[in-house]
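Inspection log for the structure reproduced underneath, given as structure tokens.
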Amino acid sequence: MNVLTKNFSFFLDAFGQTLQLFAISAVLSLVLGTLLAALRVSPVPVFRGIGTAYVTILRNTPLTLVFVFFVFAYPLLEILKIDEYTAAVVALSLYTAAFVCEVVRSGINTVPVGQAEASRALGLTFTQMLGNVVLPQALRSVVPPMTSTMIALLKNTTVASGFAVFQAGNIREQLSDQGDNVLLGLLWVALGFVILVMPLTYVQQVFEKRWSVAR
Amino acid sequence: MSMVLFDVPGPKARVRHKIMAVVGIAAVIAAVVYVVMRFIVTDQFTARRLDWINYKVIQLSLVEAIGNTLAAFAVGAVLALVFGAIFAAARLSDHAWVRAPAAVIVEIFRAIPLVIMMFFFYYGLPVAGVKLSAFTAVVISLMLYNGSVLAEIFRAGINSLPKGQSEAAYALGMRKTQVMTLVLLPQALRAMLPTIISQLVVLLKDTALGFLITFEELLRWGTRIGGDAVNFGRPMISVMIVVALIYIGLCLLLTWLATYLEKRNRRNKKVIHTDGDAAGQVQLGNASAAAGAGVTV
């Protein structure tokens with residue numbers, strides 16, 4: 001308890017940074033992931049190919065490798081100088097976008113083709129079809145896995161510890177510099193993540209239960 | 001072919017698609033050319049920077065690094081599967097005093113980031129007088145995290161089977177253990193195999209986190225050789241391309257195995273097709289549902 005009370009403001013600061021990193025990367029990855037999903041369901045084969053290639057490469061690369069690339073290798077190309085924080089945001093966003101893309105795409109694919117064909121036959125416009133028929137159905141199968149992807153992103157922010165980006169994963173270094181009990185400190189960090197993740201998991205399960213019946 | 005979002009294209013749409021295809025190809029070529037130009041301008045592929053490939057010592061250390069990664073993967077995978085099986089069984093138990101603690105443990109280990117677990121075992125435990133090697137710390141963390149996820153996958157797989165299966169088995173006079181091992185498990189495992197393998201792909205990728213606690217695996221090897229400014233002038237780009245290709249190759253091998261097994265399953269008439277794709281729902285529940293490959297990133 002002592003470790004926590006003594007360093008409480010430091011813990012808050014670190015977890016605040018974690019949440020900030022998470023929020024920025026979440027927004028960016030959602031935008032990029034949705035764009036990639038649009039590429040993957042487009043009627044143009046070339047676009048589908050680009051989307052598939054991106055997803056295949058990023059999904060099969062360890063996140064740590066993406067970090068290493070942007071922190072150590074990318075600066076050698078001398079394109080645009082970015083600091084570690086930006087590199088972390090870019091790595092997390094690019095990596096998570098591949099997973100977001102897959103979630104959105106499989107969500108759209110769960111809507112039977114007949115639904116769209118029927119709405120077209122009824123004379124609905126593209127926006128009407130999307131807004132009234134396809135999206136409401138797709139959303140149901142997207143939200144639960146999207147929550148999981150975001151939980152994974154929240155946990156993945158700790159990978160930045162190895163790359164000089166200050167967040168909850170770095171609490172250990174500070175504690176060991178001060179000579180505090182690292183074991184207890186890490187248990188508090190773990191508890192912090194459990195507290196952050198549990199409500200999200202709960203929300204996800206509620207959505208899943210409610211919506212799995214409706215469809 | 002008519003898709004959800006698009007109707008069968010008419011003559012105008014086909015022309016439009018062709019124009020977009022040309023634009024798309026041009027954009028890809030432009031991007032590739034730009035990257036290659038940067039490679040050339042900054043001299044990433046000069047003889048000196050590719051020289052590391054020629055040294056036997058480095059080749060051997062690469063093999064050793066891949067070996068370490070695969071060893072962590074193999075041991076971690078086996079332990080995670082065992083852990084998952086035990087905790088899935090515990091969560092399916094009829095006794096609340098077994099079920100409840102197992103549920104708590106699984107939920108907690110799924111919520112803690114793998115990095116924090118590795119730090120805990122590698123930097124935290126020595127405080128209490130327990131010194132673990134980096135390999136052990138990586139393997140134990142992989143076991144706890146992926147084991148918990150696998151426990152959920154197993155449990156959901158068994159729950160997804162039609163109730164009639166266990167009811168019929170009980171009606172035949174089988175015991176609880178018999179129902180589980182002879183009737184439920186064989187079917188659930190078959191249905192869950194692709195998902196399990198996808199989770200193993202995640203486990204393989206997660207071995208790279210050992211980089212953060214100085215475990216001598218493929219990625220750490222890459223940063224060591226790639227950061228060598230004295231002998232090779234920092235060949236980080238070329239080394240990282242090689243490392244990435246190895247990781248992607250290994251993961252794709254596993255993914256192909258998953259797809260192959262899934263295809264075989266679909267042909268197999270013995271497999272019970274659960275209603276509403278319950279197997280898929282697990283993936284949805286567990287993580288990003290990705291075309292039959294649900295994984296917890």
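Things to note:
- Listed residue (A:Thr158, A:Gly192, B:Val78) projecting farthest to the positive dipole end of the protein assembly as shown, Cβ model: B:Val78
- Counting only DSSP H runs of at least 4 residues, each contributing -39500 (n - 2.57), and dividing by the residue count of chain B, the helix-based mean residue ellipticity at 222 nm comes to -23000 deg cm²/dmol.
- Just checking the listed ones, B:Val104, B:Val15, B:Val138: in the Gaussian network model of chain B with Cα springs under 10 Å, the one fluctuating most is B:Val15.
- Cα→Cβ-extended label distance, 7 Å offset, between A:Gln205 and B:Ala85, nm: 2.6
- In chain B, Cα pairs under 8 Å separated by at least six residues give a relative contact order of 21 percent.
- Flagged links, alpha-carbon separation over 27 Å, of A:Lys6/B:Lys205; B:Lys56/B:Lys131; B:Lys163/B:Lys263; A:Lys209/B:Lys205: A:Lys6/B:Lys205; B:Lys56/B:Lys131; A:Lys209/B:Lys205
- The residues B:Asp7, B:Asp206, A:Asp13, A:Asp177, when put in order of fewest to most other Cβ atoms within 10 Å, stand as A:Asp177, B:Asp7, A:Asp13, B:Asp206.
- Value at 222 nm in deg cm²/dmol, rounded to 500, when DSSP H runs of n ≥ 4 in chain A each add -39,500 (n - 2.57): -24500 deg cm²/dmol
- For B:Thr46 and B:Thr259, a Förster radius of 41 Å and the Cβ-Cβ distance give a FRET efficiency of 0.55, rounded to the nearest 0.05.
- Along segment A:132-145 the Karplus relation, 6.51 cos²θ - 1.76 cosθ + 1.60 evaluated at θ = phi - 60°, assigns HN-Hα couplings of 9, 10, 6, 4, x, 6, 5, 4, 4, 8, 9, 4, x, x Hz to successive residues, with x for each Gly and Pro.
- Length-normalised contact order for segment B:111-223 - Cα pairs under 8 Å, 6+ apart - percent: 31
- Max mean-square fluctuation residue, GNM over chain A, Cα-Cα springs under 10 Å, options A:Leu124, A:Leu139, A:Leu35: A:Leu124
- Note, ³J(HN,Hα) from phi for segment A:59-65, Karplus 6.51, -1.76, 1.60, rounded to Hz, x at Gly and Pro: 6, 9, 9, x, 4, 4, 5
- Estimated inter-spin distance, B:Leu245 and A:Ile24, nm [label 7 Å along Cα→Cβ]: 3.4
- Candidates B:Gly210, B:Gly67, B:Gly222, ranked by Gaussian network fluctuation over chain B, Cα under 10 Å, top entry: B:Gly67
- A:Lys81/B:Gln59 FRET efficiency (R0 45 Å; Cβ-Cβ; nearest 0.05): 0.85
- If the segment from A:Val113 to A:Asn2 were pulled out straight at 0.36 nm per residue, it would be longer than the present Cα-Cα gap by 34.0 nm.
- Approximate spin-label separation B:Ala100-A:Leu122, in nm, with each point projected 7 Å along Cα-to-Cβ: 5.0
- Look at the alpha carbon pairs under 8 Å that are at least 6 residues apart: their mean separation over the length of chain A gives a relative contact order of 27 percent.
Every number in this text was worked out from the coordinates using simple rules, so none of it is lab data. If you're wondering where the values come from, they're calculated on a predicted model, not measured in any experiment. Positions of Cβ are generated from backbone atoms using ideal geometry, with glycine treated the same way; all protein chains shown enter the neighbour counts.
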